[in-house]
1. Taking the inverse of the average 1/r across all pairs of different Cα atoms in the chain, what Kirkwood radius in Å do you get?
2. Hey, rough spin-label estimate for THR143 and SER380, points 7 angstrom out along Cα→Cβ, what's it come to in nanometres?
3. How many times 2.2 N^0.38 Å is the alpha carbon radius of gyration of the range 80-121?
4. Could you pull out every whole DSSP H run in the chain that spans at least 24 Å of Cα extent along its own axis and averages 0.5 or higher on the Kyte-Doolittle scale?
5. I'd like to check one number: the per residue accessible area of the range 133-208, probe 1.4 Å, reported in Å² as a whole number.
6. Anything over 26 Å Cα to Cα? Flag those among LYS130/LYS228; LYS163/LYS346; LYS7/LYS75; LYS7/LYS32, in the order listed.
7. From the C-alpha coordinates alone, can you work out the Kirkwood hydrodynamic radius of the range 1-79, in Å?
8. Heavy atoms only, probe 1.4 Å: what % of the accessible area of the chain goes to carbon and sulfur, would you let me know?
Amino acid sequence: MMIKTTKQLNAMCEKLKRARFITVDTEFIREKTYYPVLCLIQVGCNKSAWVIDAMAEGLDLTPFFDIMKDQNIIKVFHACRQDLEIFYHLMKQMPHPVFDTQVGAMVCGYNDNVSYQQLVKDYTGTALDKGMRITDWSHRPLTKEQTQYALHDVIELKTVYQKMMDEICRTNRLDWIQEEMQHLTNTKLYEANIPNIMGKIHLPSQKKQSVHLCARLCQWREKWAKEKNRPRKHILTDESIAELSVLAPQNETDLEALRTISDGFGKSDLGQDLIKTIVKAVNEEPMDWPMPTKINLTMAQKNTMEALKLLLNVVCENEKVAPYLVATNDDLTQFIKNGEDVRFMKGWRYKIFGKHVQELIDGKLVFAYDNQSKQLVCRSV
């Protein structure tokens, strides 16, 4: 059923209030805006499913947002980072509680990039048609085929979730999921992190003044991108920020002399504000910004890294869990450089991997080829 009015939405939400869990998906576009433009919300509950036309004139989404905030209803998604970002922006609050079947799949032994189609096929036997994946969801009216396609994502998700939860409970890994969902709904993940944004900019000079100016320019761009609701690159490209950070032009003439700045930009309101920002940043005491840096390993450390990767793969194969969920390359690198202050030396990760890392370091664990199983195994010594 297509929901286009607040009255219809209220009726749907009355049914949702009695549910233990609901399945949710969204369709959106964000190529020309800073914030995603929400086009559709698909919702499944028991044997019913709806498509909410989020672009319908006069539609008040508040009743549905109340459902998303309801602590007694689990909101089930697949690969929900972008969905949560949308709801966090619109609701000013994170949906809770949530369950992401992509994370659940990793707990059940799938790799970190398993597709929704594969999960549906494995758990339900249904082969989904993803032919409309690149459709323009902002175009109206929607066709019957588009609506049906959108609904399938939440209809099949119900069975995937229920069977996946059975498997997770049977293997006593519910606390794993709860920890990951707590991380996934941390609002800091969905707020602009200036040092992380800076880390994507290829700054030709690492002088303190250039790094400080780069940070101020990123902050300036973020402010205007949000205010104008435009993609960052439409305000100022990363290449422009890198050039500005090093050359620091402080007037219209010097600004427009730069290779990455278009003619006439310096005279615009945006250009004038940019010049003021540069002048202010140049004349203030530069701060120490925690720029992400590439960590170089020695040959001995690289050998240690390969041993830890091998151990990770062997352990995760035995435990039937995705290696990426247990430890990333960054986690392993940080451990080699800084010792034990990494996530796999704590909690459930320590129980299945971290303790074996410690045993390997202490010389109490070795790798061996098991001729009977024809695979590499770890053995205590």
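1. After inverting the mean inverse Cα-Cα distance, the result is 24.4 Å.
2. 6.2 nm
3. For the range 80-121, the normalised Cα radius of gyration comes out at 1.36.
4. none
5. The answer is 61 Å² per residue.
6. LYS130/LYS228; LYS163/LYS346; LYS7/LYS32
7. After inverting the mean inverse Cα-Cα distance, the result is 13.0 Å.
8. Numbers: 9890 of 20470 Å².
That fraction is 48 percent.
The values are calculated or read from the model by the stated rules, or taken from the named source; none is laboratory data. Here the structure is a predicted model, which means the values were calculated and not measured. Positions of Cβ are generated from backbone atoms using ideal geometry, with glycine treated the same way; all protein chains shown enter the neighbour counts. Just so you know, the surface numbers come from the protein's heavy atoms only, side chains and all, with ligands and any DNA or RNA stripped out. Shrake-Rupley method; radii C 1.70, N 1.55, O 1.52, S 1.80 Å.
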